[in-house]
Structure formats: C-alpha cells, structure tokens
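Working notes, beginning with the structure itself.
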Amino acid sequence: MNPYYFPMEYRGFVFNAHRSAAGVEVPAFIADTARVQSFDPTRLQQRDQREALHLLTGGDLGDATLVFRYISLSGILKASTGAKLSDQIAAMEAAFDVEEAQRASPATEGVLPFTFTDTTEVVTGRGVAWTDPVTGLGDGQYVKERFMARPAGFPILPGRRSGGDSVTFACELVCPDPRRYIDTAESVVLNGANGFAANCPNWTAAQGVAVFPLVTIVMSGAGSAGLTIDLGDVASLSLNMAGETAGTFTWDTATGIIKKGATHRADLRNTAASTLFGYISAGGNAAAAGNTTNVTSITIAYRQARR
C-alpha cells in the first residue's frame with residue numbers, strides 16, 4: 001500500500017478522487033479523476049556554509065540547514081466528456097495559481113496544506129488498522145499527513161490526447177517548512193488534574209524530527225515569580241508571573257516570542273534569551289510545569305512530524 005491508493009488534495013483540488021479516504025476504489029469516479037502516477041516529495045534544498053582552505057587541500061564546514069522542500073506530481077486528468085475535462089483543467093490551474101494562493105492566505109504568503117495518506121508500522125497515536133483492498137494483506141497503520149506548501153510554478157498541461165477525454169499533467173509545490181506533518185494536530189494540556197505533567201507524542205527517533213509547539217498559558221490571577229515550563233529538551237522556560245493579572249499568555253517556541261494577548265511580554269522571562277529554546281523531539285517528550293500558582297492550564301499545540 002502507498003500514497004497512490006488514496007486521495008491527495010491541495011486548495012480544494014482532489015487528486016485520485018476515484019479513491020475513498022480509506023483507499024477503496026470508487027467506481028462512480030473512475031471516469032472523472034486526476035490520477036497521480038508520480039508523487040515525489042524527496043527533493044530538499046540545503047543551505048550549507050562551506051569555506052575552502054587558502055592554498056591548502058580541503059576546507060572548513062560550517063552550519064548547515066534544510067530550507068525548502070519541493071513536491072512534484074504528474075499523471076493524467078481523465079473525464080467522461082470534453083466539457084468536464086475543460087473544467088478539470090481550469091480547476092487545476094486555479095488551485096496551482098500562486099497569486100490565487102496568496103489571496104486565499106495572505107498571512108502565510110499563500111502557504112496552505114497539501115494532504116495525502118501513507119501507511120506505516122509505527123504507532124503514532126493517529127494511525128488506523130489497514131488492509132489492502134487489492135491484495136487483502138494487512139499493512140500496519142495508515143495515517144493522513146500534510147506538507148505546508150504553495151505553487152512553485154504553473155501546471156504543465158501539454159495538450160489533450162487524441163481521444164479528447166484525457167490530458168497529462170505535471171505540477172510542483174514548494175514548502176518553506178520541509179517537515180512532513182500528521183494532518184491531525186496535537187493538543188496536550190497540563191493542568192491540576194494531571195499534576196501539570198503529560199507526554200507529548202511524536203514519531204519515533206528513527207523517523208521523527210523536532211517540532212516547535214505554541215504554548216498557551218491561561219492564568220486566573222497573579223502567579224509565581226518562577227513559573228517553569230519544561231518541554232523535556234534543553235532548558236526550561238522560567239517566567240515571573242507575580243505581578244500579572246488574569247489572562248492568556250503564549251510562548252512561540254519557534255521564535256521565542258512571549259505575549260499576553262497581542263502584547264509582547266519579553267519582560268516576563270527569567271530565563272536568559274540564549275536559553276529560551278524548547279521543542280518536541282523525535283520520539284516525544286515528557287512535559288511538565290512547576291510553581292503553577294493560579295495557572296488554570298498550559299496547552300502545548302503542535303503536529304507530529306517526520307522527514
């Protein structure tokens with residue numbers, strides 16, 4: 001079993017519409033579908049700091065990071081009539097129009113989810129037992145996933161085939177975040193009922209990659225001068241909440257920005273800025289909070305991710 005047995009979707013355009021969400025063929029849609037024949041999400045762009053040695057063999061390697069992921073799709077648009085094929089072509093062109101994507105989501109510069117389904121033997125907490133409808137063989141779990149992407153170019157539709165009811169296509173997306181996320185988001189809540197401690201799941205160490213959650217703290221009144229939030233990796237965050245009133249505070253672990261509502265509140269931080277670094281690692285973390293006076297809840301929101 002593989003992604004070709006399931007629907008894929010981007011901005012309302014559905015590839016493999018002749019397959020149900022469970023991967024079963026839907027005969028009513030076989031004549032009108034965008035059948036994916038090639039799905040390649042593996043091209044990753046790397047930024048690598050390198051410096052050659054002066055008049056010596058070799059060089060120095062500096063920091064390297066993964067930057068953009070490119071997703072390429074190709075296949076056949078099929079339709080039962082010429083008019084339906086024209087409409088399918090127009091729908092694909094609209095979905096992969098980068099200007100329209102930016103209008104649809106100006107806050108993200110047109111970056112929106114591309115969703116697909118794949119199979120795995122890893123128990124992620126989001127998998128469902130699966131049997132291949134073609135072979136009848138079990139294949140562990142299947143899980144719906146997503147890349148966050150926008151069109152990298154306009155679709156290539158070279159022309160209708162001689163019968164007039166199909167056309168080949170090729171299109172490409174670019175992802176500013178190369179991580180491959182589970183489509184269903186996680187929301188782990190720390191509160192009095194669980195002693196302000198809970199596990200934050202992620203893909204296993206063999207497959208997973210670190211993710212940077214948004215942490216939301218709800219206060220009912222003035223808190224401790226040393227509220228701590230420990231995501232289980234690197235340093236814990238310490239906040240001085242003694243002079244605060246009730247409200248909702250957020251900590252964006254990707255940027256380090258702390259806010260109360262829409263107001264920036266870096267002044268609450270006891271921890272040095274250089275140590276303000278928390279994430280959910282591959283394999284998951286045990287998160288906890290301490291000195292939780294007047295803390296109603298702490299919510300850790302993220303998606304599990306793998307490369």
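Miscellaneous remarks
- Residues that are out of contact with any helix residue (DSSP H, G or I) (no Cβ under 7 Å at 6 or more places or on another chain) and of a type outside the set (Val, Ile, Thr) within segment 143-153 comprise LYS144, GLU145, ARG146, PHE147, MET148, ALA149, ALA152, GLY153, listed in sequence order.
- Here ALA282 meets each of (1) free of Cβ contacts under 8 Å to residues at least 60 places away in the same chain; (2) at negative phi with one exception, condition (1).
- Against the numbered list (1) buried (at least 17 other Cβ atoms within 10 Å of the Cβ); (2) without any contact (Cβ under 8 Å) to a residue 40 or more places away in the chain; (3) among the small types (Gly, Ala, Ser), ALA79 comes up short only at (2).
- Every residue from segment 237-257 that is over 23 Å from the mean Cα position of the chain (by Cα) and surrounded by fewer than 18 Cβ atoms within 10 Å (Cβ to Cβ): ASN240, ALA242, GLY243, THR245, ALA246, GLY247, THR248
- Given (1) buried (at least 16 other Cβ atoms within 10 Å of the Cβ); (2) farther than 26 Å from GLN141 by Cα, number of the condition PHE39 does not satisfy: (2)
- Against the conditions (1) assigned to a strand (DSSP E or B); (2) surrounded by 15 or more Cβ atoms within 10 Å (Cβ to Cβ), ALA286 satisfies every one except (2).
- Whichever residue in segment 246-269 is at pLDDT 95 or above and among the polar types (S, T, N, Q) and, among such residues, is nearest to VAL209 (Cα to Cα): THR250
- Filter result for the condition that a residue is closer than 19 Å to ILE182 by Cα, surrounded by fewer than 16 Cβ atoms within 10 Å (Cβ to Cβ) and either at pLDDT 95 or above or assigned by TED's automatic domain parsing to the domain that holds GLN45 (or both), over GLY136, GLY140: GLY140
- Hey, VAL234 closer than 23 Å to LYS259 by Cβ, touching a Phe, Trp or Tyr at 6+ places or on another chain (Cβ under 8 Å), among the β-branched types (Val, Ile, Thr) and at pLDDT below 95 or not: yes
Per-residue answers, yes or no, for (1) part of a strand (DSSP E or B); (2) surrounded by fewer than 17 Cβ atoms within 10 Å (Cβ to Cβ); (3) of a type in the set (Lys, Arg):
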{"site": "VAL14", "(1), (2), (3)": "yes, no, no"}
{"site": "GLN49", "(1), (2), (3)": "yes, yes, no"}
{"site": "LEU56", "(1), (2), (3)": "no, yes, no"}
{"site": "ASP60", "(1), (2), (3)": "yes, yes, no"}
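The values are calculated or read from the model by the stated rules, or taken from the named source; none is laboratory data. All figures in this text were calculated on a predicted structure; none of them were measured in a lab. Because the Cβ atoms are built from the backbone with ideal geometry, glycine has one as well, and the counts that use them run over all protein chains shown.
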